[in-house]
Amino acid sequence: MTAPLLRLDHVTKTFGPVTVIDDVSVDVLPGRVQVLLGENGAGKSTLIKMMSGIYQPDGGRILIDGNETHLPTVKAAEAHGIATIHQELNLVPQLSVAENIMLGRTPQKLGLVDRSSLRRHASAALERIGLRVPLDRPVGTLGVAKQQLVEIAKALSQQARILILDEPTAALTGTEIDQLFSVVEDLRADQVGMVFISHHLDEIARIGDTVTVLRDGQFVQEVPADTPENELIRLMVGRDIEDQFPRRAPEQPGDVLLSVEGLSSEGHFEDVSFEVRAGEVLGIAGLVGAGRTEVLRAVFGADRYDRGTVAVEGDQLPPGDVGAAIEAGLGLVPEDRKAQGLVLEHSVQDNTCLATFRHHARAGLVDRAGEKRRADDVTSRLNVRMAGLGQPIRNLSGGNQQKVVFGRWVLADTRILLLDEPTRGVDVGAKVEIYELINAITDNGGAVLMVSSELPEALGMSDRLLVMSAGRATGVLESNTASEDDVMALAVSNIEPAQTISSEGEAA
Amino acid sequence: ACNRGGGEAGAEGGGGGGTVMLSVSTQTNPFFVQLVDGARKAAEELGLTLEVQDASDDASTQANHLQNAITQGVACVIVNPTDSDAVSASIEALNAAEIPVIAVDRNATSGELVSYIASDNVAGGAQAAQALAEAIGDTGQILVLQGVPGASATRDRGQGFTEEIAKHGDIEVVAEQTANFDRAEGLNVATNLLQANPDVVGIFAHNDEMALGAIEALGPRAGSEVFVVGFDGTGDGLAAVEAGTMHATIAQQPGELGAQAVEQAQTVVEGGSPEAEVQVDVVVVTAENVSEYL
Amino acid sequence: MTATAQTTSPTRRSTLSKVGHWAMNNGALVGLILLCIGLFIATPAFLTIPNIINIGIQAAVVAILAFGMTFVIVTAGIDLSVGSVAALGAMVSAYSFASLNLPGILTVVVGLGVGMLAGSISGLAIAYGKLPAFIATLAMMSIARGLTLVVSNGTPIDTSDTVNIFGSRVAGIPVPIFAMVLAGVVCWFILSRTVLGRSMYAVGGNIEAARLSGIPVKRVLVWVYALSGLFAGLAGLVLAGRLRSAGPQAGSGYELDAIAAVVIGGASLAGGSGRATGTLIGAILLAVIRNGLNILNVSSFWQQVVIGCVIALAVGFDVFRRKTDS
Amino acid sequence: MTATAQTTSPTRRSTLSKVGHWAMNNGALVGLILLCIGLFIATPAFLTIPNIINIGIQAAVVAILAFGMTFVIVTAGIDLSVGSVAALGAMVSAYSFASLNLPGILTVVVGLGVGMLAGSISGLAIAYGKLPAFIATLAMMSIARGLTLVVSNGTPIDTSDTVNIFGSRVAGIPVPIFAMVLAGVVCWFILSRTVLGRSMYAVGGNIEAARLSGIPVKRVLVWVYALSGLFAGLAGLVLAGRLRSAGPQAGSGYELDAIAAVVIGGASLAGGSGRATGTLIGAILLAVIRNGLNILNVSSFWQQVVIGCVIALAVGFDVFRRKTDS
Ligand SMILES: Nc1ncnc2c1ncn2[C@@H]1O[C@H](COP(=O)(O)OP(=O)(O)OP(=O)(O)O)[C@@H](O)[C@H]1O
Ligand SMILES: Nc1ncnc2c1ncn2[C@@H]1O[C@H](COP(=O)(O)OP(=O)(O)OP(=O)(O)O)[C@@H](O)[C@H]1O
Ligand SMILES: [Mg+2]
Ligand SMILES: [Mg+2]
C-alpha cells in the first residue's frame, strides 16, 4: 500500500474542559477517498479543521508525507496542497462569483487584479463542476445550492493534493451531486487524496474507499466503504435503526388546516395552490431554484407576494405578517440556519426560546425559570449535544444547531410546521428523531409542509408530494405509490432541458 | 495690543444689490448673538439689507461663506473672524474681488480692511486680572478656567490675564484647566479643581458661561469667600454680578460692536470713507456699575 | 445578577467566585480599578469621599445618556442625537416654564416627553423609513440642535425649580447620582428581565432570525430609540438642573462620550451584546480620567493626549484579559 | 466603470442605459439632482459657474477625508480620528516649515507622512491589538488633537508656500478640486482594481471567509487605516492651504461629515459595500446643502434644522428608490 499523504497521528483536541477529539488517527492516501462518519457533534469537522490549519491539536502529531508538520495557519496548510470545503459556507456575499473562487489567491500584476486571468481561472473552475452562473454576479444573490457549488469550485481550483470535503452535498440535489462525484472520480485518477464527510449513507458506498467511524470524539472502527448501511448505522449510533423513514400517517386526514390559493410572486413563483389537512405531511419537491423556498416564506409571511391567498382553517392570513402567521399556529424552519435561524452568539437556551419567550412572559417580564425548564426539556427530547444550555450556539455542531431551530417550534406548539430542508446536515439517528417529531405533530392533529431536496426523504416522509418546476406547481403525487422517476419527470416538465443545472431562480 | 489698523478707505462699493454680509464666528454664544442683534437693529434703522452667516466656529466654514459672498457679489462684507490667521486668505480673495471688508471683534493678520471695530481681548484679560486682584486683596491662590484650547479668545484673554497677574507677586495661579467655554464643563472642572485646591480665593473664567458654572460649583461661597471674574457681560453674567455671586465681568458691549460695524458698512456702501479703526470700550462691570448695563 | 443574554451556567458557585466572575466579565472594570489606584498614588485628594461623590455627579449625565445608548447598541444601531436631544428637552422644558408658565412638574414631563418624541421620530425613520441609524440620528442631531437654538434664540433660559431638583441634593443625596442609579436599574431591568429587552438582543444578534421567530422587529426598534430619547431627556434635565439653566450648546459632543462608555463597557457596535453594568463602568471610567487629570492639573493640551491613551489602554487591557482568559 | 463589488451583468447594453444604470446605482445621486433643481428654482445664483466651482472647493476637504473613510467603512470599520489627524498633519507640516525651516516640498511630505503614521498606529491597534475601531480611533482623535495643540502651543502657524498651493489656483484650476479628483480616482482605483481593494471588500463582507481563504486580514486592516490617515493628511494640507495657516482646532467634527458622506453615498456601516463615486456624491450633497442655505440666507438656527431634514430626505429617497426597484 502507498504511503499516506497526510496522517493525523493520535490527535486530541479540547475546548476548555470538553475533550472533543480523543486520540484519533486518520490516514489520507493518494487516490483514495477517506470517509469520516459519525453522529452530529462526533467531532468530524473538528478533525478536519486540524488538517486545514484552523485548529492545532492539543496532543498527537500531524504527518505530511511522513514528516511531522505543524500547521499554524490556513496558508500553511494550503502550502502543503491541502484544500478544504467547509461545512459552513465561507463566501463574501458582496464579491463576484469569480472573485470568490479565487479569494486569497487573486491573480495579480504589481498589486493590480489581473482580471482576464481571474476570469479564466474562475470559469475553468465553474466548468469543471458544470455550474453556469455569470462570473460577475455577486455571490450573495445566488441560492444556497449554487453558493455551495461556488465553494466547491473554489476548493477545486486550488489544484490540491489533498481535498477535504465537509458535507459538500448537504445543500445539493441529484444532478449536482452526480457532477461533483464525477469530479471526485477524476481527482482520484489524478492521485489526489480526499476526505469526505456526509450524512447521506448511500453516497459513502458510491465514492468512498474506507470509512473511519467516530463516536463522541473517539475512534470506533475503520471499515471498508461497501459495508452495509445498517452496519454503518450501528457503528455510528451504537444501535440499529429499523426504519429510516418512520412515517405514521393517521388513518383519515382531518379538515383542511392550511389552504393556499393562486399564490404568485413576480419572478419567483406563479399561481401555486394547495391544501394541507390536519394530520397530513405535504412534501414539496423540485430542482434547486424551483421556487420552493420562496413559496414557503410567502406562506409564512416572511416575504410579500403579489397575488393569491393563504388561509388557516378558512381564515385568511394578512400577507407579509410573520406575527400573524405564528399567531395562527405556523412555524418555519428556514433553509439557512446560520443566516435566518440562529442568533449565533447567544446561548442555546435563548435560541430555543426565541419564538416563545414573548408568549410565556408575564406582564412583559421574561419567565426565566420556566424557560430554562422548557429549553432543558426540549433539548433533551431532541438529544441536542452540548456543554450546557448556556453554551453559545455557535459552538454546537451543525446538526445540533438544526435541532435547536426545530425545537423552537416544538416549544411553540406549532400546528402547521413549514420545513425547508429540515434534515440538512443532520445525522441518521437524529433524522429519525426529527421524523418522529413530525409524526407527533400530525398525530396531534397538526400539519406539516416540507420542502426537501432529498428525494428518499421527500417520498418517505410525506403523504402527498407537490412537485414544482421553474416557479410552477406541476403536479401532486401520492407518496406511497410514486417513484423517484415520477418526481423527476414533473420537476423538469416546466424547463427547457439545457437549463436543468444552471436555471436561474429569478427566471420568470 | 495687537491692533493693526488695516484700512485704506474708499473702495468704491462692490457691485450688486447693496447687500451687506455679516459672517459671524458663532451664534451659539450669547455674546455673538448680541453682536448680531445689534447689527440687525442698526441695519434696520439704516435701511440696509444684512445677510448673516454663522461659521459655527469653524475657520473653513467661514472661508466658504466668504467665497460665497464673492460669487453673490455683495456690496460689503463684515467679518467676525473665527481665527485671525485663518481668515486672511479669504480677505485677500475679497480684496481681489474688490469687495470692501470690515472686521469686527477680531482682527485679521493680513489682507486689507476698510475698517476694524474692536474691543480688545488682551486688554480685557488684563482688566480682569486687575479686578480679581483687587477683590482678593492682592494675595492668595486662584484658578483659571480656559476656553477652547487654541481658540483666539482663549489665547488673547489668557495672555492679557497672565501678563497682568504676573505683576501681582502674592497671587498664585494654582491650576489652569480648560472647560471649553461651556457652563456644564465649567461646573465640573471647577468642582474638581476646588477639590484639589481647597484654599482658592479667586477664579477667572475666559467667559461668563464657565464663570457661571464655577459659581454653581462654589455654591454659597461664591462672592463671599471666593471671587469669580467672568468675561463677555452676557445677560446671565450681568445678572450674576447684580446678585453678587460674580464679582465682575468684562463687558464688551457686543451689540455696540455690531451696530458700529453696520454703520461703517453703510458709509462704505454709500461711497464714503469709513473710520479705519473704531474702539468699543471694554468695561469692567461690578456691583457698582452693573445697573447701567442690565 | 447579569444583565446579559448569556445565561449563567447551571453549576452553583460560591458568592466570592461569583463576584470574581462578574468582575472578570465586566469590561474595563479592572482597567478602572488600576486607574483609580494609580490616581490615588499620584494624589491622595483623589480618593476622598467628596471627590468620589463629585465623580459620581460628573459621570451622571453621560451615564444616563449611555444607558439609553445601550439599548441602541444592543440592537446594532447608533444614536448620534442624544446630546442634542438632551439639550432640546431641557430647553423646551425651560421655555415651557419661563414663557408658558407651566407648573413645575409639567416642565419635567415636557422635558422627558420631548426627548422621547424626538427618539421616537428617529426610531420610526429607522424602522419604517428604513433609513440607516447613522443617517437618521445624524439628521435628528442637527434638527434637535437647530430647534434648541430656535426655541432659546441662542441664549440660556432658566429652568423651573422642579427641574433644578435634578441637579441638587435632597436629604444629602445628590440627585444626579440618584437619577443615574435609577436609569441604570431601569436599563438593567429592561435588558435582562423584560420581553422588550430580550427582543433587543435578538434583533441585534440576528435581525432576520428575530423576524422569522415572530419578534415585532420594527416595533422593538421604535421602542429602542424612544427609550434612548427618553433617557436623553432625563440627562438633559440633570444637566440643566445642575446649572439651573438650559443652554443652547449644552450636551454638544456628548454622543461620542455616551457611545464610548457603552463600548468601553464591553458592548460591540455589531450588536447583540452590551449590558448596563458595563456601561456604568465605561461612564465612570471617563469621568475618573477627566477628574484625575483636572486634579493633577495636567496642561489642557496634554490632557487630550492622556485621555486618548488611557481609553485605549483600559480597553486594550480588557481585550488582552479576554484573550488570555479563553 | 463601476467601482463596486457589484459588477455589471454580461448582457450588452446601450451607453444610455448604462448611464441610467450607473445613476440608479449611485446612492443619493437622484436626491442630489433634485436638490440642485430645487435650489436653482429658489435662486438662480446657485447655478452659476463661479458658484459651482465654489461648491467644488468647499466639498474638497470633506470629500478627501471621506474617500479615505470609504476604505475604512468597506472593511466594516470606523475612523473618528480623521479631522484631528488632518489638523495634526497640517500643524506638523507648518511647524516643520516655520521652526525647522524645512524646504517646501518636504513640508508637504511631512504633512502626508504624519497623517499616514497616525493612521497606521490606529490600524496596528485595531488589527494586532484587537481594539474595537471605534475605541482605537476615538483615542487617536483625542491624542492627535492634543498633539496639535502641543505642537502649535495653541496658536495658528503659517504654512509653507508649497502647502499654500493646495489652497490656491494653478493655471486657473482650483487646486482643492484637483486634489479632490485625484483622491477620488486613487480611491476608486484602489477599491476596484487592486488586490488590496478587493481584499477590503472581502474583510468587510465576511471576515471569517477572508481569513479562511488566506487573505492577510491584519495587514489589510493596517493598510486601510494608514490610507485613511494619508488621505486625512492630504485633506489637512488642503484645509491649511486654503487658510494659509494651520489652526489648532482645524477639522474638528469633520469625522462625522466624512462618515455621513460615505453613508449617504450608499455604503453600509456593516461593511462590504461602498464606492468612490457614491462617496463623492455624498460629499457634494453636503456641500450643496450648506452652500444653498447660505445663498438663500436661511437663519443659522433654522439652517441646522433644514440640513437635518435634507440629509434624511436625500437618503430616504435613495432607500425608497431601491425598494421600488427590487
Ligand atoms: N470552538 C468550540 N468551542 C467549544 N466546543 C466546540 C467548538 N467547536 C466545536 N465544539 C464542540 O465539539 C464537538 C464536535 O463538533 P464538530 O463540529 O466537530 O462535530 P461534527 O462531527 O462535525 O458534527 P456535524 O455532523 O453536526 O457537523 C461538538 O460537541 C461541538 O459542540
Ligand atoms: N435574484 C435573486 N436574488 C437573490 N436570491 C436569489 C435570486 N434568485 C434566486 N435566489 C435564491 O436562490 C435560491 C433558490 O431559489 P428558490 O428558493 O426559489 O428555489 P428552491 O427550490 O427553494 O431551491 P433550494 O433547493 O436551493 O432551496 C433561493 O434561496 C433564493 O433566495
Ligand atoms: Mg461538522
Ligand atoms: Mg430552498
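The values are calculated or read from the model by the stated rules, or taken from the named source; none is laboratory data. Not measured: the values here are computed from a predicted model. Counting neighbours? That spans all protein chains shown, and the Cβs are built from the backbone with ideal geometry, glycine included. Keep in mind that these areas ignore ligands, DNA and RNA; they rest on the heavy atoms of the full protein, side chains included. Shrake-Rupley method; radii C 1.70, N 1.55, O 1.52, S 1.80 Å.
The H on the amide N of A:Ile164, modeled in the peptide plane, is under 5 Å from the matching H of A:Ala83, A:Thr84, A:Ile85, A:Val195, each at least 5 residues off or on a different chain. What the Cβ-Cβ distance of A:Glu261 and A:Ser493 gives, at R0 = 22 Å and to the nearest 0.05, is a FRET efficiency of 0.50.
Model label sites at A:Asp65 and C:Ala42, defined 7 Å from Cα along the beta-carbon direction, differ in position by 5.9 nm.
Among B:Ile171, B:Ile102, B:Ile203, the residue with the largest mean-square fluctuation in a Gaussian network model of chain B, with springs joining Cα atoms closer than 10 Å, is B:Ile171. How large is the Rg to Rh ratio of region D:101-216 when both quantities use alpha carbon positions and Rh follows Kirkwood? Ratio of gyration radius to Kirkwood radius for region D:101-216: 1.05.
Taking the charge dipole of the protein assembly as shown about its Cα centre, with +1 at Lys and Arg Cβ atoms and -1 at Asp and Glu Cβ atoms, the residue from A:Leu455, C:Val224, B:Ser23 reaching farthest to the positive side is A:Leu455. Residues within the reach of a label modelled at C:Asp161 (point 7 angstrom out along Cα to beta-carbon, backbone nitrogen below 16 Å), restricted to region C:66-100, are C:97-98.
Once backbone amide H atoms are built at 1.01 Å from N, D:Ala76 has D:Gly271, D:Gly272 as its partners under 5 Å, excluding neighbours fewer than 5 places away on the same chain.
The base-10 log of I(q)/I(0) for region B:148-279, evaluated at q = 0.09, 0.16 Å⁻¹, reads -0.33, -0.82 [Debye formula, identical scatterers on Cα atoms, solvent excluded].
Our coupling estimate for region A:417-426, obtained by passing each phi through the Karplus curve with A = 6.51, B = -1.76, C = 1.60 and θ = phi - 60°, is 9, 9, 10, 10, 6, x, 10, 4, x, 9 Hz, Gly and Pro reported as x. Of the whole protein surface, C:Trp302 contributes about 120 Å² of accessible area at a 1.4 Å probe radius. Whole-percent P(r), region D:23-163, all Cα pairs, 10 Å bins from 0: 11, 29, 27, 23, 10, 0. Loop-located GluC sites (Glu not before Pro) across region A:255-320 with a Cβ neighbour count of 13 or fewer within 10 Å are A:Glu266, with loop assigned by DSSP. Give the percent of DSSP beta bridges with both residues in chain A that are antiparallel, rounded to the nearest 5. Of all bridge pairs located within chain A, approximately 55 percent are antiparallel.
Taking amide H as placed 1.01 Å from N in the peptide plane, the amide H of A:Ala328 sits under 5 Å from none that are at least 5 places away or on another chain. Can you give me the C-alpha center-to-center distance between region D:107-126 and region A:173-242, rounded to a whole angstrom? Computed from Cα coordinates, the inter-centre distance equals 55 Å. Relative to the Cα centre, the charge distribution of chain D, modelled as +1 at Lys and Arg Cβ and -1 at Asp and Glu Cβ, gives a dipole magnitude of about 760 debye. Extents of region C:242-319, largest first, come to 37, 30, 18 Å (Cα atoms, principal axes, whole angstrom). Here region C:179-326 is treated with +1 on each Lys and Arg Cβ and -1 on each Asp and Glu Cβ, and its dipole about the Cα centre works out to around 300 debye.
State whether chain D is rounded, prolate or oblate according to the following rule on the C-alpha gyration tensor (a ≥ b ≥ c being the square roots of its eigenvalues): a/c under 1.5 gives rounded; otherwise a/b larger than b/c gives prolate, and the remaining case gives oblate. Here chain D falls in the oblate category.
Here the spin labels are modelled as points 7 Å beyond Cα on the Cα-Cβ line, and at A:Thr12 and A:Ala440 they lie 3.8 nm apart. Each residue of region D:174-184 was assigned a 3J(HN,Hα) from its phi angle through the Karplus curve 6.51 cos²θ - 1.76 cosθ + 1.60 (θ = phi - 60°); the sequence is x, 4, x, 5, 4, 4, 5, 4, 4, 4, x Hz, with glycine and proline shown as x. Note on C:Ala171 and C:Ile49: their simple-model spin labels are 1.7 nm apart, each label 7 Å out from Cα toward Cβ. Here region A:255-492 is treated as a sphere whose radius is the Kirkwood value from Cα pairs; by Stokes-Einstein at 25 °C and 0.890 mPa s it diffuses with a coefficient of 136 µm²/s.
Ranked by solvent-accessible area (1.4 Å probe, protein heavy atoms only, all chains present), the residues D:Thr155, D:Thr148, A:Thr210 order from largest to smallest as D:Thr155, A:Thr210, D:Thr148. The gain in end-to-end length when the A:Ala76 to A:Gln221 segment is fully stretched comes to 49.2 nm, 0.36 nm per residue minus the alpha carbon separation. Distance from the Cα centroid of region A:282-304 to that of region A:5-20 is 41 Å (rounded to whole angstrom). Here the Kirkwood formula puts the hydrodynamic radius of region C:137-198 at 14.8 Å, using every distinct Cα pair. Beta-bridge orientation, region A:255-492: approximately 55 percent antiparallel, per DSSP, counting only bridges with both partners inside. Heavy-atom accessible surface of A:His359, to the nearest 10 Å², is about 150 Å², with a 1.4 Å probe and all protein chains retained. Once the mean of 1/r is taken over each pair of separate Cα atoms and inverted, chain A shows a Kirkwood hydrodynamic radius of 23.8 Å. Taking D:Phe166, D:Phe231, D:Phe189 as the candidate residues, the one with maximal mean-square fluctuation in a Gaussian network model of chain D, Cα springs under 10 Å, is D:Phe189. Shown in residue order for region A:446-451 are the 3J(HN,Hα) couplings computed by the Karplus curve 6.51 cos²θ - 1.76 cosθ + 1.60 at θ = phi - 60°: x, 9, 10, 10, 10, 8 Hz (x for Gly and Pro).
Per-residue accessible area (protein heavy atoms, 1.4 Å probe) orders C:Phe97, A:Phe274, A:Phe219 as A:Phe219, C:Phe97, A:Phe274, starting from the largest. For A:Glu127 and A:Ser25, a Förster radius of 35 Å and the Cβ-Cβ distance give a FRET efficiency of 0.40, rounded to the nearest 0.05. Each Lys and Arg Cβ is given +1 and each Asp and Glu Cβ -1; about its Cα centre, the protein assembly as shown then shows a dipole of about 2180 debye.
Look at the dipole of chain C built from charges on Cβ: of C:Pro176, C:Gly282, C:Ile52, the Cα furthest out on the positive end belongs to C:Gly282. For a label point 7 Å from the Cα of C:Ala270 along Cα→C-beta, name the residues of region A:368-394 whose backbone N is under 16 Å from it. Those under the cut-off are A:392-394.
Rounded to the nearest 5, the antiparallel percentage of DSSP beta bridges internal to the protein assembly as shown is 45%. Positive end of the dipole of chain D (Cβ unit charges, origin at the Cα centre): among D:Asn164, D:Ala270, D:Val85, the Cα lying farthest that way belongs to D:Ala270. Volume per residue for the protein assembly as shown equals 183 cubic angstrom (convex hull of Cα atoms).
From its DSSP helices (H runs of at least four residues, each -39,500 (n - 2.57)), chain B gives a residue-normalised ellipticity at 222 nm of -13000 deg cm²/dmol. Across identical copies of the chain, C:Tyr128 has label-point separations of 5.1 nm, listed in ascending order, with the point defined 7 angstrom from Cα along Cα→Cβ.
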